[in-house]
Amino acid sequence: MRFEIEFSGHENIRSNHKKTIEITKESELNVRGDCIVGVNANYSCSDLPENLKEKLQDPSSEIEFSIRVEDHEFVVKGKGHEDLILSHPEDIVIRKSDFVCPRTLAVKCDKASDLLPREMVRLLQNPKTKGFFTINVE
């Protein structure tokens, strides 16, 4: 199953967090949100289709995430978890740890926002830049 979320850049995107990646429906961002790679997303955890949520809540699910900006792509692999709540109305967070909260979309991911190529970060610091966050669940 494949699902795509569109988001925008923001001048305060830093992408320095070593444990998470986040996109949000919020339009404002301060520099402390150093895991956020996109704002104005068209979906949050609570907005996802039920059949996708069920796949994400399966601990045997292998999930691949793709962040695309212009001709750049960053791929992250993660896992589903039976305790995922997937109810946050604004945010989506993928985590290297196995911590679960309403914002968590996947756990045990192999990368975090600090590894996003700096050229992509520069592009995302322009509010006019559009990005795409794709969820692929096997």
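Any read-out appearing in this document is the output of simple, stated calculations on the displayed coordinates, not a laboratory observation. None of these values were measured; they are calculated from a predicted model. Note: ideal-geometry Cβ built from the backbone for every residue, glycine included; neighbour counts use all protein chains shown.
Summarising the amide proton neighbourhood of G38: residues at separation of 5 or more, or on other chains, whose placed amide H is nearer than 5 Å comprise T24.
Its relative contact order, with pairs defined as Cα atoms under 8 Å and 6+ residues apart, puts the stretch 2-137 at 36 percent.
Subtracting the Cα-Cα distance of Q125 and K18 from their residue separation scaled by 0.36 nm leaves 36.6 nm. About its Cα centre, how strong a charge dipole does the stretch 54-111 have in debye, to the nearest 20, once Lys and Arg get +1 and Asp and Glu get -1 at the Cβ? My answer is approximately 200 debye. Taking every lysine pair in the chain that is 8 or more places apart or spans two chains, those with Cα atoms closer than 13 Å amount to 16.
A straight chain from D58 to S27 at 0.36 nm per residue would run longer than the Cα-Cα distance by 8.0 nm.
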